[in-house]
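K.L.:
Pasting a structure below so you can have a look.
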Amino acid sequence: MEQALQDKFAPETRCFGCGPSNPKGLHIKSFPEGDGLVCRFTPEEHHEGFPGFLNGGIIGTLFDCHMNWTAAYFLMKRDNLPSPAPTVTAEFSVQLLKPTPSRQELLIRARVVEAQGRRVKVEGELVASGEVTARASGTFVAVKQGHPAWGRW
Ligand SMILES: CCCCC/C=C\C/C=C\C/C=C\C/C=C\CCCC(=O)SCCNC(=O)CCNC(=O)[C@H](O)C(C)(C)COP(=O)(O)OP(=O)(O)OC[C@H]1O[C@@H](n2cnc3c(N)ncnc32)[C@H](O)[C@@H]1OP(=O)(O)O
């Protein structure tokens, strides 16, 4: 299988949600598919909010990182960059529609819905056994040189 974007472009990073090098992180893996990115994630018991169901903050982190990579990868393609653009989360919101089962593989899909300059809007959905249990949208901004995040991935 093709390498995940995180492993290919940012193997040393320590972001809690997506950094391959964080021993206590979630290690999400994002792959281009169709008009966006997909991520498959199987939670562990310590990610639960109540028995058998996923904690809402963990759901937020899954969306945050996966949508961020969706924006970064979009800008890489659009602007012909050698690697994904260094984007940070400016804002995001999550709708928790139904309890999300935690003892199975989950699918997170995300795609860009609007982009202008350094600012990219992304929407995402979380699917468990074919059912959408949460939706999210967010704005991600590519930072400029001098920003504390610049070069820190
Ligand atoms: C350097 C080489 C790196 C190589 C990288 C290689 C590989 C790595 C690849 C990719 C990495 C990808 C993903 C990484 C994954 C996860 C990272 C973890 C995610 C996080 O955990 S990250 C931490 C939490 N995150 C923050 O810590 C952000 C704090 N914040 C700020 O750092 C600033 O606030 C910032 C930068 C957001 C904006 O500041 P700024 O000065 O750059 O930009 P400015 O204000 O000019 O806005 C420009 C346009 O964004 C719009 N805009 C601004 N803010 C908005 C908001 N809040 N809501 C809606 N729209 C907003 C404006 O309205 C304008 O839009 P318009 O141009 O259309 O008017």
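K.L.:
Please determine whether any residue of segment 122-131 is more than 9 Å from the ligand (Cβ to nearest atom), of a type outside the set (Gly, Ala, Ser) and surrounded by fewer than 13 Cβ atoms within 10 Å (Cβ to Cβ). Step through it out loud before you land on a result.
P.N.:
Step one: filter segment 122-131 for residues more than 9 Å from the ligand (Cβ to nearest atom), giving 122-131.
Now restrict to residues that are of a type outside the set (Gly, Ala, Ser): 122-123, 125-127, 131.
Next cut, surrounded by fewer than 13 Cβ atoms within 10 Å (Cβ to Cβ) only: 131.
Taking every residue of segment 122-131 in turn, at least one turns out to be more than 9 Å from the ligand (Cβ to nearest atom), of a type outside the set (Gly, Ala, Ser) and surrounded by fewer than 13 Cβ atoms within 10 Å (Cβ to Cβ).
K.L.:
Out of all the residues in segment 71-94, which are within 8 Å of the ligand (Cβ to nearest atom), among the hydroxyl-bearing types (Ser, Thr, Tyr) and in a strand (DSSP E or B)?
P.N.:
Across segment 71-94, the qualifying residues are THR87, THR89.
K.L.:
Tell me, please, whether a residue that is near the ligand (Cβ under 8 Å from one of its atoms), farther than 26 Å from SER21 by Cβ and not acidic (Asp, Glu) can be found in segment 98-111. If you could, list the steps in order and put the result at the bottom.
P.N.:
First, pick out the residues of segment 98-111 that are near the ligand (Cβ under 8 Å from one of its atoms): none.
No: zero hits.
K.L.:
Show me the strands (runs of 3 or more DSSP E) found entirely inside segment 5-55 where at least 2 residues are of a type outside the set (Phe, Trp, Tyr) and buried (at least 18 other Cβ atoms within 10 Å of the Cβ).
P.N.:
On the way: elements: 30-33, 36-41, 48-50.
Qualifying strands (runs of 3 or more DSSP E): 36-41.
K.L.:
Which residues, taken from segment 95-131, are farther than 15 Å from PHE41 by Cβ, among the hydrophobic types (A, V, I, L, M, F, W, C) and in a strand (DSSP E or B)? Working first, answer last.
P.N.:
So the first thing to find is which residues in segment 95-131 are farther than 15 Å from PHE41 by Cβ, and the list is 95-99, 111-123, 130-131.
Filter once more, so that each one left must be among the hydrophobic types (A, V, I, L, M, F, W, C): 96-97, 112-113, 115, 120, 122.
Hits for segment 95-131 are LEU96, VAL112, VAL113, ALA115, VAL120, VAL122.
K.L.:
Give all pairs with beta carbons closer than 7 Å in which a residue from segment 16-33 that is more than 12 Å from the ligand (Cβ to nearest atom) meets a residue that is at pLDDT 95 or above and in a strand (DSSP E or B); count only pairs at least 6 apart in sequence or on separate chains.
P.N.:
The qualifying pairs are LYS29/CYS39; PHE31/LEU37; PHE31/VAL38.
The values are calculated or read from the model by the stated rules, or taken from the named source; none is laboratory data. Since the structure is predicted, the reported quantities are computational estimates derived from the model, not experimental observations. Quick reminder, even Gly has a Cβ in these numbers, built from the backbone with ideal geometry, and neighbours come from all protein chains shown.
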